[in-house]
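The next block holds one structure in the form of structure tokens; read it before the comments.
The values are calculated or read from the model by the stated rules, or taken from the named source; none is laboratory data. Keep in mind the model is a prediction, meaning the values are calculated, not measured. Methodologically, a virtual Cβ is constructed for each residue, glycine included, from the backbone with ideal geometry; neighbour enumeration extends over all protein chains shown.
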Amino acid sequence: MASSKEYLDFILGQLSELDEITYRAMMGEFIIYYCGKIVGGIYDDRLLVKPIKAAISYMPTATYELPYEGAKEMLMVDEVDNREFLTGLFNAMYEELPAPKLKKTKWTTSNKEGKDHVI
């Protein structure tokens, strides 16, 4: 089952006090970013976040759920109606989240014969 745009809009509204909340649609679901870092996502109209130490401490009774078959477990956020809670959770997680991976680019250089080589 894919997530609805309405649920995404609801979660984005709840997080509207934070700067730089973005998302990317991915196979009927949505990946949520905070200042360029992946925090979690919306899967089957459930907000799931990465199970990092800060999130586990912030939500000690949270359940672990699979976002989809074959994926790693994530933490289910139950208090999506509490704007203050969500903002606090994302802020608590931010420092511990890994930096975004840089995209690899292809560089070219010309050899003596004038042909380009991809490095």
For this session: Just one of (1) at pLDDT 95 or above; (2) closer than 20 Å to residue 8 by Cα trips up residue 92, so point out which.
Result: (2)
Problem set entry | Residue check, residue 55 crowded, with 19+ Cβ neighbours inside 10 Å, within 22 Å of residue 99 (Cα to Cα) and free of Cβ contacts under 8 Å to residues at least 60 places away in the same chain | yes
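For (1) assigned to a helix (DSSP H, G or I); (2) modelled with pLDDT of 95 or more; (3) buried (at least 17 other Cβ atoms within 10 Å of the Cβ), each residue gets a yes or a no:
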position	(1), (2), (3)
3	no, no, yes
10	yes, yes, no
84	yes, yes, no
98	no, no, no
Exercise. Within the set of pairs 6 or more residues apart or between chains, which connect a residue that is assigned to a strand (DSSP E or B) inside segment 65-76 to a residue that is of a type in the set (Lys, Arg) and surrounded by 14 or more Cβ atoms within 10 Å (Cβ to Cβ) with Cβ atoms less than 9 Å apart?
Worked result: 65/46; 74/50; 75/50; 76/46
Exercise. List the pairs whose first member sits in segment 7-24 and is within 14 Å of residue 79 (Cα to Cα), whose second member is in a helix (DSSP H, G or I), and whose Cβ atoms are under 6 Å apart, counting only residues at least 6 apart or on separate chains?
Worked result: 14/83; 14/86; 15/86
For this session: Give just the number: which of (1) more than 20 Å from residue 8 (Cα to Cα); (2) in contact (Cβ under 8 Å) with a residue 40 or more places away in the chain does residue 83 not satisfy?
Result: (1)
For this session: Report, by residue number, each residue of segment 12-25 that is surrounded by 11 or more Cβ atoms within 10 Å (Cβ to Cβ) and either in contact with a His (Cβ under 6 Å, 6 or more places away or on another chain) or not hydroxyl-bearing (Ser, Thr, Tyr) (or both).
Result: 12, 14, 15, 17, 18, 21, 24, 25
